[in-house]
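Q: Below: one structure in structure tokens.
Read the figures in this text as sums done on the coordinates, not as results from a lab. All values reported here derive from a predicted model rather than from experimental measurement. Glycine gets a Cβ as well: all are built from the backbone with ideal geometry, and neighbour counts include every protein chain shown.
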Amino acid sequence: MRNAAALCALLVPTLVAAQALPPFGFTPLSAIRATSAPAPLETPPPAPAADVITDHRLLIRAGRTVLFGFADNAAEAEVAARYWTEVLTAAGVEVGTLEFSGVSFTLPYKTADGRVIRRFFAEPQQFPPKDPAGLRANMESTRAAMERAGLTPLAARVVNVDFLLPTYTLFYLTRPAATEEKETQLRVLNRGDDLDADVYRRGGLEVLQVPKPWMLVYIGPEAGYVSMAAGTRERAEEKLKARREFLAGLGKRILEERVVPIDEADYPDIKFIVELYFVEAT
């Protein structure tokens, strides 16, 4: 009896506590599903604009009578051919039949007046980094300047492929010359040394932009610059004469020559810098 009483003493508080608990309820899976918030759908990235190249197979170059590029197979070459055939046909250029050689392809073309297609590929340092609006503004201002200078725009494309910094390319028509260097083209001069843009302006080039002290965007025949160091004025004059004759032999026209004295503690043996500005003679 004592054992039974003890058991009752143990169970009574438990039963009382159990009675104080809320009743156990089971929530079915359908109710859980009904109250669960749906998972948000991932928004796909927007499609690139029609004037943006994201496929490297479309990065072609322009020769005197053909466009040419590279592809791993004939199907890739066909993609590029269809794209540029549509672009050029809309611009009034007659496009021929694609030829694929296994690693490269050509697409012949013919213009109504005998002009040739040329391509300009912008230097990313022409515009602010990571600034799509700035890139487009630079592309449009360059295209407009090119048109004012008498070059006929055919296509303007933003280039956004994996292995290049974002940039842009312009295709246009110009008059052919004996060599490409003599043609009036849209070009970039980027030699690594600070350049005097006014020298090229006085020489007849149309300088459009000076993005960096050592970079010019211009229209005209191919321009160049060379600098040399010398320890004495006599040696500087010798180098100047030799380089002048060398450039003349290559068909270059000298715009300006300079022998500049310097005093650099880090280079005690260098006392003069020789500079030559030149363009392709036309």
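Q: Check cross-link reach from Lys182 to the lysines: straight Cα distance under 19 Å, and skip same-chain residues fewer than eight apart.
A: Within reach: Lys252.
Q: For Cα pairs less than 8 Å apart in space and 6+ apart in sequence, what is the mean separation divided by the residue count of segment 79-140, i.e. the relative contact order in percent?
A: Numbers: 38 pairs, mean separation 11.9, N = 62.
Once divided by the residue count of segment 79-140, the mean separation gives 19 percent.
Q: Once the other residues with Cβ under 9 Å from the Cβ of Tyr277 are scored (Lys, Arg +1; Asp, Glu -1), what is the net sum?
A: Numbers: positive: Arg258; negative: Asp196, Glu256, Glu257, Glu275.
Net local charge, Tyr277 excluded: -3.
Q: Along the principal axes of its C-alpha atoms, what lengths does segment 234-282 span, in descending order and rounded to whole Å?
A: Principal axes ranked by extent give 42, 16, 13 Å for the Cα atoms.
Q: Which of the trypsin sites (Lys or Arg not before Pro) found in segment 191-282 are in a DSSP loop and have at most 16 neighbouring Cβ atoms, other than their own, within 10 Å?
A: Details: sites: Arg191, Arg201, Arg202, Arg233, Arg235, Lys239, Lys241, Arg243, Arg244, Lys252, Arg253, Arg258, Lys271; in loops: Arg191, Lys271.
Of the trypsin sites (Lys or Arg not before Pro), the ones in loops of segment 191-282 whose Cβ has at most 16 other Cβ atoms within 10 Å are Arg191.
Q: So, one more: Amide H neighbours of Ile53 under 5 Å, at least 5 residues apart or on other chains, H built in the peptide plane: list them.
A: Those qualifying (amide H under 5 Å, at least 5 residues apart or on another chain) are Val158, Val159, Asn160.
Q: Starting from the amide H of Arg119, placed 1.01 Å from N in the peptide plane, find each other amide H under 5 Å away whose residue is 5 or more places distant or on another chain.
A: The list, which skips near neighbours in sequence, is Ala62.
Q: Around Arg115, what is the net charge, scoring Lys/Arg as +1 and Asp/Glu as -1 over all other residues with Cβ under 15 Å from its Cβ? Write out the running numbers ahead of the final one.
A: Values: positive: Arg64, Lys110, Arg118, Arg119, Arg175, Lys182; negative: Glu94, Asp113, Glu147, Glu180, Glu183.
That works out to +1.
Q: In a shell of Cβ-Cβ distance under 11 Å around Thr179, excluding Thr179 itself, what net charge do Lys and Arg (+1) and Asp and Glu (-1) give? It would help to have the intermediate numbers written out before the result.
A: On the way: positive: Arg64, Lys182; negative: Glu180, Glu181, Glu183, Glu222, Glu280.
Net of charged neighbours comes to -3.
Q: Please compute, over every Cα-Cα pair in segment 52-176, the percentage with a separation greater than 26 angstrom.
A: 22 percent
Q: What is the projected area of the convex hull of the Cα atoms of segment 158-273, averaged over all directions, in nm²?
A: Its Cα hull, projected and averaged over all orientations, spans 10.0 nm².
Q: Right, here's the next one. Return the sequence-ordered ³J(HN,Hα) values of segment 169-174 in whole Hz as given by the Karplus equation 6.51 cos²θ - 1.76 cosθ + 1.60 applied to θ = phi - 60°, using x for Gly and Pro.
A: 9, 10, 10, 8, 9, 9
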